[in-house]
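Encoded as C-alpha cells, the structure appears first; notes follow it.
The values are calculated or read from the model by the stated rules, or taken from the named source; none is laboratory data. Just so it is clear, the model here is predicted, and its values are computed rather than measured. No Cβ is skipped: glycine too gets one built from the backbone with ideal geometry, and neighbour counts run over all protein chains shown. To get the accessible areas, we keep the full protein, side chains included, count just its heavy atoms, and leave off ligands, DNA and RNA. Shrake-Rupley method; radii C 1.70, N 1.55, O 1.52, S 1.80 Å.
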Amino acid sequence: MAQPRLMYALAKDGLVPKFFAKIDASGNLMNGTVISGLLMVFIASFVPFNKLDDMISAGILICFSLTNASLVLMRLSSPTDKPYFLEKQIGLFGIFSFLLAYIIVHCAASAFGKGLAIVLCLFMTLTCLSIKYTCPESMNFGGQYSSFGPAGHREPAFFRAPFVPLLPCTGRYPVAFFPRLVSALTPRFYPRPAIFLNSYLLVQLERGAILILFLYFLAAILFYFMYGAKHSSGNNYGWKIDGKYSQLVREISLPYVPKSTSEDTVQTLVC
C-alpha cells in the first residue's frame, strides 16, 4: 500500500520518471498503484514462497543496517580535512561485518576461517577507533552536510526532550517547531554492533534469496546512475541559490510553509 506513495516521492525528486507522480481527478496515484500491483502479482506468481520469505527478511535486515549506519552519519561528522571520511569508514565496517558473519556461520571450523575472522575483527576494531578519535560529534543535527537545524546548533549526546518532539520528524518541518529534538544515547557505539548482528542473521538465510536480493540492489544502483543522477532535482538545481532557498526547496522540503512567507524567513526556519 505504501509503494505508490514512495514512488510518488521519488518522482517528485526526479529519481524515477514523472509518470509515477501523476494524480488522477480523485486524488489517487493511479499509475503507481497499477504498476506496483502488477509487479507484486508477478513476483507472487513466479517466485517460490520459501525464497520470497528469505528475500523479505534479507531486505528488512539490510534496511535495519542502513538505519543504524544513518544514525552514526546523523550524529557525527567527517574531519574538515578529510571529506566523506566517516561515510567511507561506515561502509568499510559494513563490509567487514558481513564477511566476518559469513565466516563465523560457514567457515568457522577451519583454521583458515578462524585466522581470517581474527583479521576481520582487527580491521573492524581499527575502523571503530578511527571513527572514535577522528570524527567529532556534528554541530548540526543531521551531519555536517545537512541544513536541518540552525548553524552551530548542538544537542547533548543523551536523551533530553519532552513528549511533543517524538512526533515524526522527517526534515519536512521547520526546526522552529521542534526546539528540542530526541538525541540518541552513545551514537558512536551501539549502531555498529547492531550492524554486525543484522549481518549475522542475514548470512543464515538461503543463499539463492540473498543473491536475488543483491541483484535487485545492483539493478537499483545502476538505474540511479543511468537515470536518477541525471534527473535528480538536487543534482540539477541544488538546494540553495546564492545563499537563499529556491522555490524547489519550498515545495519539496517545506510544503507546510505558506507561499507568502519571505525567502529570508524560509532560510531562517531551515538553517
Which net charge results when you count Lys and Arg as +1 and Asp and Glu as -1 among the other residues whose beta-carbon is under 14 Å from that of residue 7? +3
Violations at 23 Å Cα threshold for listed pairs 51/230; 82/114; 88/114; 88/132; 18/230 -> 51/230; 82/114; 88/114
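Once the piece of chain linking residue 121 and residue 28 is laid out straight, how much longer is it, given 0.36 nm per residue of separation minus the C-alpha distance between them? Walk me through the intermediate numbers first.
Values: separation 93, 0.36 × 93 = 33.48 nm, distance 5.07 nm.
Computed gain between residue 121 and residue 28 is 28.4 nm.
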Kirkwood-Stokes translational diffusion coefficient of the range 72-127, alpha-carbon pairs, 37 °C, 0.692 mPa s, µm²/s: 265
Between residue 218 and residue 46, how many nm apart are label points set 7 Å from Cα along the C-beta direction? 1.8
Computed ³J(HN,Hα) along the range 199-216: with the Karplus parameters 6.51/-1.76/1.60, θ = phi - 60°, integer Hz and x for glycine or proline, the list is 5, 4, 6, 5, 6, 8, 7, 5, 5, x, 5, 5, 5, 4, 5, 5, 5, 5
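Just the accessible area per residue of the range 61-118, please: how many Å² with a 1.4 Å probe? It would help to have the intermediate numbers written out before the result.
Working: 3160 Å² over 58 residues.
Spelled out: the 1.4 Å probe surface of the range 61-118, per residue, equals 55 Å².
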Stretched fully, the stretch from residue 229 through residue 134 gains (0.36 nm per residue minus C-alpha distance, one decimal, in nm) 31.1 nm
